[in-house]
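First up is the structure itself, then whatever we jot down about it.
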Amino acid sequence: MFLSNFKFKKIKPWVTLVLLVTTLVISTGFYKLSINIQELYPNFNPGLNLAYTTNLLSQNEREIRVLFYGQSITRDQWTEEVTRGLKRRFPQADIVSKNLAIGGFSSQLLVLNVERDLINFYPDLIIFHVYGAHDKYEQIIQKMRTLTTADIAIQTDHYAGSNSDWSRFMNQYFLPRMAEKYHCELINVRSIWQEYLSKHNYQPQELLRDNIHLNSHGNLLMSQIIKAYLVVNPQAQDIWEDRVKTYQVNRDIQWNNGQLNLEFVGNRVEAIASLFGEAEAEIFIDGKHPSEIPDLYSFTRANYDDTVDWPWDVSAPFRINWESPLQAEDWEIEILEIESTAENMLFNFKLTGSKTGFDGIGNNGEKFTSNSHRIVILPEDWWLKTVNYKVSPIKPGYQLRFSSKLLGTDIYQKPKFRGFHRESTVILAQGLTNEKHTLTIIPRESGKVPITAIRIYKPPLDPAKLNLEEINPEQWIEEKGKRMKN
């Protein structure tokens, strides 16, 4: 440390303090960074595909849900600064952000989790980056477009020193093609990153804490790049203006014979509460209570909270399926006996539901189907690896808890008042098939039902009409090499 060269008794106290603070800043890797993206990347024209999001951010009533999704790069600290930056830039906006990235899960694994994660959170904006197979990457984007109404911002890879054939294929061709095909915002991290390194004469490693993950400097640069794209662009146009529609009661839809009926196309329905009235009402979708519609149930992640590196820290199944219709209840897997070998860990477990009760005994080495057929776990869906040689929590008596949730309600009750400049909403149904439905609301008692509007969310793309990109990466790489030689 350079302070060892000084004799502190001859230095004024304030000088010593400055030196100590300077040393602390250097040793902790803290950087104050201000970059001119336009200078680094002349083609910079941000926000062209974020008209829906920036319109929401400019309002002050609706909640805006931001999802960070991907793997370990997206689990890093830059996402927190991006959220803070949005809240500073749009102080009137009601922003809720969530980071559901899964470290170590390339596109081949992430695609198995995306439907659950999307349908549970139902974001308005997705900020996305993942490594892995290109076809699985596209399948993830397709699910985002067919399950939600969100804007999507996809990132190219930051530059870690390698410019392999695969990196060139993904960053120069495939990711830009995905952005064009699915109308996503392309955040060109890689080009800006390389220009930043060149301008400041940095080596890639100076922004990394290992061979790929970002250090403090890298996190700060990443946050600056992402924030620079999340802006209002007057040239931006929302090509799917009907993806979210709000129907005002007594203007667009009317109470008729004591009922409120609305035909719609979409997969999510929410009611916006009015200030006046207290009466409850029954909810029907196509003549059924939401609880009677199997599509409206979803599992939560087992033993998940924001403090754990899921599923690495908890040794949980990362995917749970079902064969028989679910009900809203809590589930518990309890580990019974363990047989460990050098190659793998085998164990028996029992399953109990809060409503179903005891639902069977199984083991992680084979497909488990519970007695009720409400829970199905495949052996390959157990994630028993840990990070940095940590001891697995799996042992006799260890419990894994998760829930099957109803994404909706059979009974509308007036929600808590959130303020005069904030909407109070109730999700009536979330996860419907994206097709024509009929909503019926029937009062349960006399008095005014406090609903001022119904909002319908219709994902813009139909999965039946989508095809994967027909591209052979090896052929593209070979042709690219020939063009470079010529």
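The values are calculated or read from the model by the stated rules, or taken from the named source; none is laboratory data. In this text the structure is predicted, and so the values were computed from the model without any measurement. Neighbour counts are summed over all protein chains in view; Cβ atoms, including those assigned to glycine, are modelled from backbone coordinates with ideal geometry.
Structure data summary
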| quantity | calculated |
| --- | --- |
| Criterion (among the small types (Gly, Ala, Ser), in a loop (DSSP other than H, G, I, E, B), at negative phi and not assigned by TED's automatic domain parsing to the domain that holds Ile152) met by exactly one of Ala271, Ala279 | Ala279 |
| Residue in segment 390-401 that is under 25 Å from the mean Cα position of the chain (by Cα) and either aromatic (Phe, Trp, Tyr) or at pLDDT below 95 (or both) present | no |
| Segment 427-453, residues that are of a type in the set (Val, Ile, Thr), farther than 18 Å from Asn261 by Cβ and either in contact with a Gly (Cβ under 9 Å, 6 or more places away or on another chain) or without any contact (Cβ under 8 Å) to a residue 24 or more places away in the chain (or both) | Ile427 |
| Residue list for segment 81-101, filter: touching a strand residue (DSSP E or B) at 6+ places or on another chain (Cβ under 7 Å) and either assigned to a loop (DSSP other than H, G, I, E, B) or of a type in the set (D, E, K, R) (or both) | Lys87, Ala93, Asp94, Lys98, Leu100, Ala101 |
| Among (1) part of a helix (DSSP H, G or I); (2) in contact (Cβ under 8 Å) with a residue 24 or more places away in the chain, the one test that Gly104 misses | (1) |
| Residues being surrounded by fewer than 19 Cβ atoms within 10 Å (Cβ to Cβ), in contact with a Phe, Trp or Tyr (Cβ under 7 Å, 6 or more places away or on another chain) and under 19 Å from Ile73 (Cα atoms) - total across segment 207-260 | 2 |
| Inter-residue pairs, beta-carbon under 8 Å, first on the phi > 0 side of the Ramachandran plot and in segment 190-211, second among the charged types (D, E, K, R), 6+ apart | none |
| Single residue of segment 346-377 satisfying the filter (surrounded by 14 or more Cβ atoms within 10 Å (Cβ to Cβ) and basic (Lys, Arg)) that is farthest from the chain's Cα centre (by Cα) | Lys350 |
| Those residues of segment 34-76 which are in a loop (DSSP other than H, G, I, E, B) and in contact with a Ser or Thr (Cβ under 8 Å, 6 or more places away or on another chain), in sequence order | Tyr41, Gly47, Gln71 |
| Count - residues of segment 332-345 that are part of a strand (DSSP E or B) and under 32 Å from the mean Cα position of the chain (by Cα) | 5 |
| Flag if Gln430 is farther than 30 Å from Leu147 by Cβ and either at pLDDT 95 or above or touching an Asp or Glu at 6+ places or on another chain (Cβ under 9 Å) (or both) | no |
| Only one of Ile35, Ile26, Ile11 that is modelled with pLDDT of 50 or more and surrounded by 12 or more Cβ atoms within 10 Å (Cβ to Cβ) | Ile35 |
| Qualifying positions in segment 349-392 - of a type in the set (S, T, N, Q), in contact with a strand residue (DSSP E or B) (Cβ under 6 Å, 6 or more places away or on another chain) and assigned to a loop (DSSP other than H, G, I, E, B) | Ser354, Asn364, Ser370, Asn371, Ser372 |
| Selection count, segment 285-297, where residues are outside any loop (DSSP other than H, G, I, E, B) and surrounded by fewer than 20 Cβ atoms within 10 Å (Cβ to Cβ) | 5 |
| Segment 47-81, residues that are more than 14 Å from the chain's Cα centre (by Cα) and among the aliphatic types (A, V, I, L, M) | Leu48, Leu50, Ala51, Leu56, Leu57 |
| Test: Gln224 is part of a helix (DSSP H, G or I), out of contact with any helix residue (DSSP H, G or I) (no Cβ under 7 Å at 6 or more places or on another chain), over 29 Å from Asn472 (Cα atoms) and of a type outside the set (Lys, Arg) | yes |
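Here is a yes/no grid of residues against (1) under 30 Å from Met345 (Cα atoms); (2) among the charged types (D, E, K, R); (3) touching a strand residue (DSSP E or B) at 6+ places or on another chain (Cβ under 6 Å):
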| site | (1), (2), (3) |
| --- | --- |
| Asn233 | no, no, no |
| Asp242 | no, yes, no |
| Asn250 | no, no, no |
| Asn261 | no, no, yes |
| Val269 | no, no, yes |
| Asp305 | yes, yes, no |
| Val308 | yes, no, no |
| Pro311 | yes, no, no |
| Ser315 | yes, no, no |
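Residue-by-condition table, conditions (1) surrounded by 15 or more Cβ atoms within 10 Å (Cβ to Cβ); (2) within 30 Å of Trp310 (Cα to Cα):
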| position | (1), (2) |
| --- | --- |
| Lys385 | no, yes |
| Ile394 | yes, yes |
| Arg422 | no, no |
| Leu461 | yes, no |
| Glu469 | no, no |
| Glu479 | no, no |
